Amino acid sequence: MTEFPVERIHSVIVIGSLLHPPGSPPDHRPLHPERAALVEPRGALLYWDVLEPRAHPYAEIHEPGLAADWLWEVYGPEAADAILGGADRIAAEAESPVLDAARGLAHLRWAEAWWPSSHEAAVPALSAGLLRAEIAWRTAGVEHLLDDEEAVERALAAVDLGPVAALERHPVLGAEARDLAANLAGLAEDYGVVLRTAEVRARPQDWALAAGGEDEAGPALAGGEAPVSWEAVPQGLVDAVGRARWSLVQRAGAFTVAVDVPAAPKVRGGVLTARIGGAEIALRHDPDTGMFTGEAEVPQGLLAHLSSQRTVHVFDPAFGTEAIEVDPDAPARRAAIVAHAYGRLAAADASLAERAAALGIDAP
Amino acid sequence: MVQGIAPSAAVPRGMLIADAWAQLGDAVAPLSNPSGRPLARTVKLLLDPLVLRPTLNARFAGGVIDVEHVDELRAAILDAGPVLAATATWFQLVKKARRRAGITEGHPQDLYFQRCFELAHRYGDPKSMSGAAGVAAGAVAEVHAERGSVTVNRLRAFVTDPERTAELAGLVRSAWEARPDGGAAAPAHAELREFLDTCPTAPDERLWRRLVDERVGTAEGAGLDRPGVARRCGLSSRERPAPPEIGDRASKRRLPRPFDRSIMERLFAAFTSAFHRESMGDIPALVVGEIHRSAAPWQLAEEPSRITMALGREASTGIDYFGGRVAASAAESRLQARWGRESYVAHVLRLPDPEASGIPENLRDDILIMPLSYMRRLWARLHGRELRREATEADGVWDLLDGVLRSVILDQRDRLRRTLEREGGGT
């Protein structure tokens, strides 16, 4: 039994917002995107906070007439009745296969977006292939309430059975992988989607700690480091807790600023941009060091800037802009998310992707 | 009374259906999802149109059912139990036949659910009949033969037949010469806003009929021939719409804007996406019809389609990436709210920022200037409905207007996601 306050803000019914910690934005969607595990049913948004072990989601209901159809499956019949009847507090009942499926789907999609893989924090990357396969199966369990009428087809279109097939002979996870593969084959037939199955080759373990690059030039004249904003880079590119480091060196009479950023486990490439003191530096992935690195000569005029603007901003120009505001809550929130991910690896209800990662299986 | 149903005045329809469905047991599992609920398409294609018929039985319509009709609704589903169980078994057989025939096109639920229901009525449970597999194979062959008669290859052969090209080009010419002079600006029609105010919740049927009778959609389309108007609506890249080519090729990628599409491209786009392709006319009639449609206001043939375009133009003005416009109608306000939610959802899903410099320009434009993407999709939807001879009525307008925005948004999400795959990140 979980208690939730119910508010009505303009024409929107908001379930649970008062439970949010003081100091969160006055918006009725106080959950930071990095913490939000989301499902989009007809007429509403449901979101779970990944840092709270609560069974029931927060919700904003914008079309109660549409939501009435499924609300009882998520909060229980009496709570649904109370929500639609104007109550300002509800007691949600647990236990419903649909609630479990919705929550499972929300968490898988959260992991797809925000799983903080990191060498430094020892959080292995999840297999994107396994995640997509599990997402498709979970989507099918709630297809009757989703806003997107083609959600299952869309999810199946992203599936490649290769990573699932590669697990089918695994002593611990094999049975579950076989079930998942069979379930997806059945779904694909019911929805008229032809599943892809790419051959998956075992790859050498990619789990050695990344080594830092050695400076070839003279001693650093100046330097610093800063975290990389998760919102400025796509999933799986940059080590979730890695910090961007810069240093200014003098080489053959010229001043050069060099930047490196630790790459996430299993990264396959990509280009980042670092901006510091007005200089823009392209960073390329170096598979030997596990770093994104780059350097650029600094015109004399910029040297003065470097002494005052010492913060390095890193972003992926194909993903974000540099105009990401500095969020003072980010370090604490991100540390909590990393701890959560670490805990998920050993959780009783861990997904196949999480358990495979915990066992060190390297599936794409 | 079912356990858990509070003794209130009304009960959620979804709960009643789920409860009755559960009583039908494993026999209907092939029509159920992994949570044991009827599939969305089981409700849409079987329970609603063939068992509950809410359009005829108003007491079974809406999100909640009055408590006095609860038992009746449950009984309607339980009574249909044997035929639904037989439908489920037929569906299994039909899927097997489809697999054996090597057919992969089309959505099996869309294509076969209602056919299986017919088979269940005609033959009952296939388990107690000999030759059921043959009947299933025959049904599959029939469905695909009906669809197959209107194929892209036949269309291409028809429009590129050298003996016919001059004649078809002549038809385009005469159809466009006969167009009324559409130079005048459309007068403002306040009734459009009035209808947009009611259509999401209680569409005003009388007002809709008046819009049709007074040909307001046609009048609203008159201004599209003026310089830049069709371009600013997203319907053309040209300064003024020009007569279409007949065309001889088409590809689903990179279709030009609707008014710039050749006759071939217009029909091709509808062929490849259409469920119910079998309800379209034959090729020569389709091509001639398309030529005449191209010369009509909004390049659509039916007045309700044209009114819907005018409504869409009015309601989509406020779907602005940068926000700020005060909605002028209830429909516009709801569309704005859907678009407003998307910015939060896009963050939660960690999609790329459309303003990032590495995002392809056409994708960025499509997202930053939503009304244009919206109008293109709305036109394509209405065009497809005309080809399939689906009437557009007052009570279906909001689903169309809202569904178009949903579909544009979901496609844009997919496109943003694909830019990440090209990037080659770790996952």
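No lab work stands behind these numbers, since they all come straight from the coordinates. Please read all numbers here as calculations on a predicted model, not as lab measurements. Reconstructed Cβ throughout: ideal geometry from the backbone, glycine too, with neighbour counts over all protein chains shown.
Restricting attention to segment A:248-292, which trypsin sites (Lys or Arg not before Pro) occupy a DSSP loop and are surrounded by at most 15 other Cβ atoms within 10 Å? Walk me through the intermediate numbers first.
Details: sites: A:ARG251, A:LYS266, A:ARG268, A:ARG275, A:ARG284; in loops: A:LYS266, A:ARG268.
Here the sparse-neighbourhood loop sites are A:ARG268.
Determine the dipole magnitude for the protein assembly as shown: charges of +1 sit on the beta-carbon of Lys and Arg, -1 on that of Asp and Glu, nothing else is charged, the reference point is the Cα centre, and the result goes in debye to the nearest 20.
Numbers: 88 positive and 111 negative charges, 375 e Å.
My answer is approximately 1800 debye.
To the nearest 20 debye, what is the magnitude of the charge dipole of chain B about its Cα centre, counting +1 on the Cβ of each Lys and Arg and -1 on the Cβ of each Asp and Glu? Walk me through the intermediate numbers first.
Numbers: 60 positive and 57 negative charges, 258 e Å.
The calculated dipole for chain B is roughly 1240 debye.
What percent does the relative contact order of chain A come to when contacts are Cα pairs within less than 8 Å and at least six residues apart?
Details: 662 pairs, mean separation 53.8, N = 364.
Value for chain A: 15 percent.
Percent relative contact order of segment A:2-95, based on C-alpha pairs within less than 8 angstrom and at least six residues apart?
Details: 146 pairs, mean separation 28.2, N = 94.
Relative contact order here is 30 percent.
Can you tell me the order of B:85-98, A:67-80, B:348-361 when each peptide is scored by its average per-residue count of other Cβ atoms within 10 angstrom, highest first?
Working: B:85-98: 22.5, A:67-80: 25.0, B:348-361: 17.9.
Going by the mean number of other Cβ atoms within 10 Å, highest first, we get A:67-80, B:85-98, B:348-361.
In peptide A:107-116, how many Cβ atoms from other protein chains are near each Cβ within 10 Å, on average? If you can, show how the numbers build up before the last one.
Working: counts 0, 0, 3, 3, 1, 3, 6, 3, 1, 0.
Mean number of neighbouring Cβ atoms from other chains: 2.
Among A:TYR58, B:TYR374, rank each residue by its count of other Cβ atoms within 10 Å, from fewest to most, as a rough exposure measure. The partial results should precede the final answer.
Values: A:TYR58 23, B:TYR374 27.
Ordered by Cβ neighbours within 10 Å, fewest first: A:TYR58, B:TYR374.
Report, to one decimal in Å, the Kirkwood hydrodynamic radius for segment A:2-95 based on all distinct Cα pairs.
Working: mean 1/r = 0.0756 Å⁻¹.
For segment A:2-95, the Kirkwood estimate is 13.2 Å.
Assuming a viscosity of 1.306 mPa s and a temperature of 10 °C, what translational diffusion coefficient in µm² per second does Stokes-Einstein assign to chain B, Rh being the Kirkwood radius over Cα pairs? It would help to have the intermediate numbers written out before the result.
Details: Rh = 24.4 Å.
Roughly 65 µm²/s, to the nearest whole number.
What's the angle, to the nearest 10 degrees (0 to 90), between helix A:174-191's Cα axis and the longest principal axis of chain A?
The angle comes out at about 70 degrees.
Dipole of segment A:222-315, Cα-centred, from +1 at each Lys and Arg C-beta and -1 at each Asp and Glu C-beta, to the nearest 20 debye? Show your work: numbers first, answer last.
Numbers: 8 positive and 9 negative charges, 12 e Å.
It comes to approximately 60 debye.
Angle between the Cα long axis of helix B:397-423 and the longest principal axis of chain B, 0 to 90 degrees, nearest 10?
Relative to chain B, helix B:397-423 is tipped by roughly 80 degrees.
Would you tally the net charge around B:GLU239, using a Cβ to Cβ cut-off of less than 14 Å, leaving B:GLU239 out, and scoring K and R as +1, D and E as -1?
On the way: positive: B:ARG226, B:ARG231, B:ARG232, B:ARG238, B:ARG240, B:ARG257; negative: B:ASP225, B:ASP260.
After counting each charged neighbour, the total is +4.
Excluding B:LYS44 itself, what net charge comes from residues whose Cβ is under 11 Å from its Cβ, given Lys and Arg +1 and Asp and Glu -1?
Working: positive: B:ARG41; negative: A:GLU149, B:ASP48, B:ASP110.
Around B:LYS44, the surrounding residues sum to -2.
With no solvent and one point per C-alpha, what does the Debye sum give as log10 I(q)/I(0) for the protein assembly as shown at q = 0.05, 0.09, 0.10 Å⁻¹?
-0.31, -1.00, -1.21
Normalised by the empirical 2.2 N^0.38 Å for globular proteins, what value does the Cα Rg of segment B:65-121 take?
Details: Rg = 15.1 Å, N = 57, 2.2 N^0.38 = 10.2 Å.
Expressed relative to 2.2 N^0.38 Å, the Cα Rg reads 1.48.
Please tell me the relative contact order of chain B in percent, rounded to the nearest whole number, where contacts are Cα pairs under 8 Å and at least six residues apart. All intermediate terms of the calculation are to be shown ahead of the outcome.
Numbers: 508 pairs, mean separation 57.1, N = 427.
It comes to 13 percent, rounded to a whole number.
Take chain A, connect every pair of alpha-carbon atoms lying under 10 Å apart with a spring to form a Gaussian network, then pick out the residue of A:PRO331, A:PRO299, A:PRO262 with the largest mean-square fluctuation.
Result for chain A, Cα springs under 10 Å: A:PRO299 fluctuates most.
Take every residue in peptide A:233-240, count the Cβ atoms of other chains within 10 Å of its Cβ, and give the average of those counts. All intermediate terms of the calculation are to be shown ahead of the outcome.
On the way: counts 3, 10, 6, 6, 6, 2, 0, 0.
Mean shielding count: 4.
Taking only Cα atoms, what is the 0 to 90° angle, nearest 10, from helix A:97-114's long axis to the longest principal axis of chain A?
The answer is roughly 10 degrees.
Rank the residues B:ARG100, A:ARG109 as a footprinting-exposure proxy: fewest other Cβ atoms within 10 Å of their Cβ go first. Could the numbers behind the result be given before it?
Numbers: B:ARG100 12, A:ARG109 23.
Lowest count first: B:ARG100, A:ARG109.
Roughly how compact is segment A:222-315, stated as its Cα Rg over 2.2 N^0.38 Å to two decimals?
Working: Rg = 13.0 Å, N = 94, 2.2 N^0.38 = 12.4 Å.
Here the answer is 1.05, to two decimals.
In the protein assembly as shown, if the dipole is taken from +1 on Lys/Arg beta carbons and -1 on Asp/Glu beta carbons about the Cα centre, which of B:PHE322, A:THR321, B:SER373 is farthest to the positive end?
The listed residue farthest towards the positive side: B:SER373.
Using only helices, what value at 222 nm comes out for chain B when you add -39,500 (n - 2.57) per DSSP H run of length 4 or more and divide by the total residues, to the nearest 500 deg cm²/dmol? Provide the component values of the computation, followed by the final result.
Values: 18 runs with 237 residues, N = 427.
Helix contribution divided over all residues of chain B: -17500 deg cm²/dmol.
Please name whichever of A:VAL259, A:LEU146, A:LEU352 sits farthest to the positive end of the charge dipole of chain A, dipole taken about the Cα centre and charges placed at Cβ: Lys and Arg +1, Asp and Glu -1.
A:VAL259
Normalise the Cα radius of gyration of chain A by 2.2 N^0.38 Å (N = residues in it) and let me know the number.
Values: Rg = 23.4 Å, N = 364, 2.2 N^0.38 = 20.7 Å.
Working it through for chain A, the quotient is 1.13.
Take peptide B:336-348, look around each residue's Cβ out to 10 angstrom, count Cβ atoms belonging to other protein chains, and average those counts. Walk me through the numbers before you get to the answer.
Details: counts 0, 5, 2, 0, 0, 7, 0, 0, 9, 7, 1, 7, 17.
Averaged over the peptide's residues, the number is 4.
For B:ARG325, A:ARG103, B:ARG257, A:ARG178, what's the fewest-to-most ordering of other Cβ within 10 Å of each Cβ? Walk me through the numbers before you get to the answer.
On the way: B:ARG325 12, A:ARG103 22, B:ARG257 19, A:ARG178 16.
Result, fewest neighbours first: B:ARG325, A:ARG178, B:ARG257, A:ARG103.
Given the alpha-carbon gyration tensor of segment B:228-386, what are the semi-axes of its equivalent ellipsoid in whole angstrom, ordered largest first, with each equal to the square root of 5 times an eigenvalue? Intermediate values should be presented prior to the final figure.
Details: eigenvalues 179, 67, 48 Å².
Semi-axes (√(5λ), whole Å): 30, 18, 15.
Which of the lysines could a cross-linker bridge to B:LYS95, judged by Cα under 26 Å and excluding same-chain residues fewer than eight apart?
B:LYS44, B:LYS127
Using each residue's phi in segment A:347-364, evaluate 6.51 cos²θ - 1.76 cosθ + 1.60 at θ = phi - 60° and report the 3J(HN,Hα) Karplus result to the nearest Hz, with x for Gly and Pro.
In residue order, the calculated couplings are 6, 5, 9, 4, 6, 4, 4, 5, 5, 4, 5, 4, 7, x, 7, 9, 9, x Hz.
Just name one of B:LEU420, B:ALA137, B:VAL172: the one whose Cα is farthest towards the positive end of the charge dipole of chain B (beta-carbon charges, Lys/Arg +1, Asp/Glu -1).
B:LEU420
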